[in-house]
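Please treat every number below as a calculation from the coordinates, not as lab data. Because the structure is a prediction, the values reported are computed rather than measured. Backbone-built Cβ (ideal geometry, glycine too); neighbour counts: all protein chains shown.
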Amino acid sequence: MNDKETVRTSKFLSLILRHEPERVGLKLGDAGWVGVDELLKAVIHPF
């Protein structure tokens, strides 16, 4: 992964985890957490 891809991935994960988890079908817990397995499943196969 080159620097551009790393930045793009980082920004995507920040968007999903901080602002729009519903975009990929994630439901965060009461404290704002989501399991890594759930995150990976959602971003690898979003729909």
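Where nothing but the Cβ of Lys and Arg (+1) and of Asp and Glu (-1) is charged, how large is the charge dipole of the stretch 3-44 around its Cα centre, in debye to the nearest 20? Working shown, then result.
Working: 7 positive and 7 negative charges, 32 e Å.
About 160 debye.
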Cα-based reach from LYS27 at 27 Å (exclusive), listing lysines while leaving out same-chain residues under 8 positions away: LYS11, LYS41
Karplus-derived HN-Hα couplings along the stretch 7-12 (A = 6.51, B = -1.76, C = 1.60, θ = phi - 60°), whole Hz, x at Gly and Pro: 5, 4, 5, 4, 5, 5
Net lengthening on full extension, ASP37/VAL7 (0.36 nm per residue, minus Cα-Cα): 8.6 nm
Positive-end residue, the stretch 3-44 charge dipole about Cα centroid, Cβ charges, pick of LEU39, LEU13, GLY25: LEU13
